[in-house]
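Student: Have a look at this one before I ask anything.
The values are calculated or read from the model by the stated rules, or taken from the named source; none is laboratory data. Predicted model only: the values in this text are computed from it and were never measured. Cβ placement follows ideal geometry from the backbone for every residue including glycine, while neighbour counts extend to all protein chains displayed.
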Amino acid sequence: MLTLYDYLPSGNGYKIRLVLAAFDTPYRLVERDIVKGETRTPEFLAKNANGRIPVLQLEDGSFLAESNAIIWYLAEGTPLAPQERRARAETLQWMFFEQYSLEPYIGTVRFWKHYVPELTPLQEMDLPERMKKGYAALDVIEKHLATRRFFVDDRFGLADIALYAYTHVAHEGDFDLATYPNVRTWLDRVAGQPKHVPITHKN
């Protein structure tokens, strides 16, 4: 059986739980609290030297890290991972965008504002720029969704899962989605998918 090492509030871990739920894949959940440093222990670092969740332990006992790599592994050969060359490249394009242009800003600001008791002076200084870049990512998403129901080939897929994870909780970082009607409609569309589970879902 698969074992998922995760921190439930994490959007990165949530992506994996969404894919596992979509396929009714059985797995064991092991929670690790990143706020308490539980991913920095020697035991966890032996699983992922980068000291981050999520980590998926495969049936053969090996470990796979990085959320978007994990969901691609789980969805390979299914409708969630396109087979056509261009669609695969576009899916990867949006998955890279999510990790480079969205998660470091919306995800980080949400974590700071929702889970960190008190920001450091450096974080306080960095906050306005991260908010600015988070809104820039939302602008890109809003424009792309103006003529599309989903991100790639007008079908629900891994690009949507990757981007949904942190976008749907952007308000927890005080990002206002009121002026992003396409984003909000898309969020509802993703939440309406069969076997969808909330971020609080365990298994």
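Student: Check I141, I161 and return the single one that is under 12 Å from I106 (Cβ atoms) and crowded, with 19+ Cβ neighbours inside 10 Å.
Tutor: Values: I161 fails: under 12 Å from I106 (Cβ atoms).
Checking each option against the conditions leaves just I141.
Student: Looking at A170, A191, A146, can you tell me which residue is surrounded by 14 or more Cβ atoms within 10 Å (Cβ to Cβ), at negative phi and of a type outside the set (D, E, K, R)?
Tutor: A170
Student: Taking Q93, is it within 25 Å of A159 (Cα to Cα) and either out of contact with any Pro (no Cβ under 8 Å at 6 or more places or on another chain) or modelled with pLDDT under 95 (or both)?
Tutor: Against the criterion (within 25 Å of A159 (Cα to Cα) and either out of contact with any Pro (no Cβ under 8 Å at 6 or more places or on another chain) or modelled with pLDDT under 95 (or both)), Q93 qualifies.
Student: I need the full set of residues from the range 154-182 which are β-branched (V, I, T) and more than 16 Å from the chain's Cα centre (by Cα), in order please. Reasoning before the result, please.
Tutor: As a first pass, look at the range 154-182 and keep what is β-branched (V, I, T): 161, 167, 169, 179.
The answer is T179, and nothing else.
Student: If I ask for residues that are at pLDDT 95 or above and in contact with an Asp or Glu (Cβ under 9 Å, 6 or more places away or on another chain), which ones from the range 113-134 would you list?
Tutor: Answer for the range 113-134, where residues must be at pLDDT 95 or above and in contact with an Asp or Glu (Cβ under 9 Å, 6 or more places away or on another chain): just M131.
Student: What strands (runs of 3 or more DSSP E) lie completely within the range 1-107 and have 3 or more residues being surrounded by fewer than 21 Cβ atoms within 10 Å (Cβ to Cβ)?
Tutor: Strands (runs of 3 or more DSSP E) meeting the threshold: 27-31, 63-65.
Student: So is L119 outside the structural domain of K36 (by TED's automatic domain parsing), surrounded by 18 or more Cβ atoms within 10 Å (Cβ to Cβ) and of a type outside the set (V, I, T) or not?
Tutor: Details: outside the structural domain of K36 (by TED's automatic domain parsing): yes; surrounded by 18 or more Cβ atoms within 10 Å (Cβ to Cβ): no; of a type outside the set (V, I, T): yes.
No, not satisfied.
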